[in-house]
Every structure is written in structure tokens, then in C-alpha cells.
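Structure, as C-alpha cells:
Just so it is clear, none of the values below were taken in a lab; they were calculated from the coordinates. Source: prediction; values computed, not measured. Reconstructed Cβ throughout: ideal geometry from the backbone, glycine too, with neighbour counts over all protein chains shown.
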Amino acid sequence: MSTDEEDIEKSSAPLMEHLIELRRRLMWSIGGFFIAFLVCFFFAKQLFNLLVIPFQWATQWAGLDPKQVELIYTAPQEFFFTQIKLGMFGGLVIAFPLIAAQIYKFVAPGLYRNERAAFRPYLVATPILFLIGASLVYFFFTPMVMWFFLSMQQVGPEQEIQISLLPKVSEYLGLIMTLIFSFGLVFQLPVVTTLMARVGLITAQGLADKRKYAIVFAFVTAAILTPPDPVSQIGLAVPTILLYEVSIWLARRTERKRLEAEAESAEPEGSENSAAAE
């Protein structure tokens, strides 16, 4: 029996012990999320003001005074529930590393040593890529989308009818949360495809052959996940297509490394057979 197989045998446990371990990991995950939620809910107003900054940038692009940015709520409880949503959103983002670590600790005993070593880089890359996607939304796409909406206003003395944008706090938060989650999920594409290529479920050539279908799927997904405006839809579809090309390159690189590792592992066997034949 190999060393890896011995490790798995040592870590095998009855069903009840697995359930106890699962409960412990869930308690750590829920506890971390709850603490992060309380912190974010306590600072909900400050966090919401931070999320309004891209809207202020958009008003500057539109030639308006950013100090005149105004959001409204039309129901007494609307802003309170908006703060709860913001607390849950921030709590999930902050607690995600802890939740991912608990998931890894639960599944790690059932993996081989080399599988655990291969899985760790993806565990680190996932939150980093999500933050890159969220930063792209915050610093570029949200101001661009809000500028597009602001350009539809009819303001000024020469306009017979004054039409101004007064977004509701819940709708604005829903917009920016949707964009952040959409871009964050799309930026996980290289991680998912690389993992699938590592275990042999997909190939770089297969991804390349289905490129035209992926382009159509990117635009359809963008139309579903983003608000019904062409700016945000194109803004999500184009990075998705670029990430698909990056995924093809990473899959090709992963296949090359896997073939090299298989060739190295086959060399000792070949040398032993040749030595036995002599």
C-alpha cells in the first residue's frame, strides 16, 4: 500500500464522526459570517456611502455637481432592510476566506497529498480573482453604467420637462451587488476550467473548438445577470470572452505539465524493465 493510500486509511472515520466534523465546520462558517454581518450592519451607513462614490464619479463625468447626488427611499422600512442586505453582502465577502478554509479542512483528509498541494493555489486564487472582478465593477463599470443612466436626464432651463434621476437606495444597492457578484463569478472561470483540465474533464482543444458557442453564451449570460442596458451587458460579456481565452491558455499549460509529470513517472518503470531485460 502506498503512502498516500495509508494516509487516507488513517483518516477514514465512521459516518457519525464525519457528521460531527461537518457540524463543526458549519458552526465555524456560520459563526464567522454572523460576526462579519454584525460588524458590517453596524457600519452599514458608512459602507453604503462608500458604495455611492462611483455614482458621484459618474455625475462628474456627466458634468454635474457630485455634491448634489441624492438617493431616496419610498417605504419607511426600505432603508432598514437595505442595511440588512448590505450587512449580509459585506459579511459574506469578509467571511468567504474562512468559509473556504472550513470547506477545505473538511474535504482535505479525503485527498491525496499531491491533490492537497494542487488544491491550495486555487483556494488562494479564488478570493483574489473575486476581488479583481469587484474592483473592476467599483472603479470602472458602475461609474460607466450610472453615467449612461444620467445621460438620459432632461435638466436645465431650456428643457420644457425636467426629468431627473433619483434612484432608490434599495435599487442602487441591488444594482451594484448584482454587478459585483456577476463579475466575481465570471472571474472564477480560469479557476474552474483549470481544475477541470487538471482532472481531465476538459481539454484546451475542446475549449478552443467551442469558442463560438462560448461567445454566444457570454452575451446571453450577461443579458440575464446584468441590468437591461447595453453598457453593462457588453461590459460583462467582453471580460468573460477574454477570461475564456485565458482559460484556454491555462488549460493548455496544465495539460503540458500533466503530460510531463506522467512522462517522468513512467521513466523509472521503463528503465527498470530495460535493466531486467539485460
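Details
- Charge dipole (debye, nearest 20) of the chain; +1 at Cβ of Lys and Arg, -1 at Cβ of Asp and Glu: 680 debye
- Only helical runs count toward this figure. For the chain, summing -39,500 (n - 2.57) over DSSP H runs of n ≥ 4 and dividing by all residues gives -26500 deg cm²/dmol at 222 nm.
- Principal axis dimensions, the chain - Cα atoms, whole angstrom, descending: 98, 46, 24
- When Rg and Dmax are taken over the Cα atoms of the stretch 201-251, they come to 11.8, 36 Å.
- Reciprocal mean inverse distance between Cα atoms of the stretch 149-239 - Kirkwood radius, Å: 16.1 Å
- Using only Cα coordinates, the Kirkwood hydrodynamic radius of the stretch 77-219 works out to 18.8 Å.
- Degrees, to the nearest 10: 189-198 long Cα axis against longest axis of the chain: 10 degrees
- Per the Debye calculation on the stretch 68-139 with a single equal scatterer at every Cα and no solvent contribution, log₁₀ I(q)/I(0) for q = 0.17, 0.25, 0.26, 0.28 Å⁻¹ amounts to -0.81, -1.13, -1.15, -1.20.
- Helix 78-107 vs. the chain, principal-axis angle (Cα, 0 to 90°, nearest 10): 10 degrees
- Volume per residue for the stretch 21-140 equals 108 cubic angstrom (convex hull of Cα atoms).
- Between the stretch 13-78 and the stretch 130-171, the Cα center-to-center distance that results, in Å: 21 Å
- Based on C-alpha pairs under 8 angstrom that are at least 6 apart in sequence, the chain has a relative contact order of 20 percent.
- Ascending count of other beta-carbon atoms within 10 Å, so fewest first, for Glu21, Glu70: Glu70, Glu21
- Set of lysines with alpha-carbon distance to Lys168 below 28 Å, sequence-local pairs under 8 removed: Lys45, Lys67, Lys85
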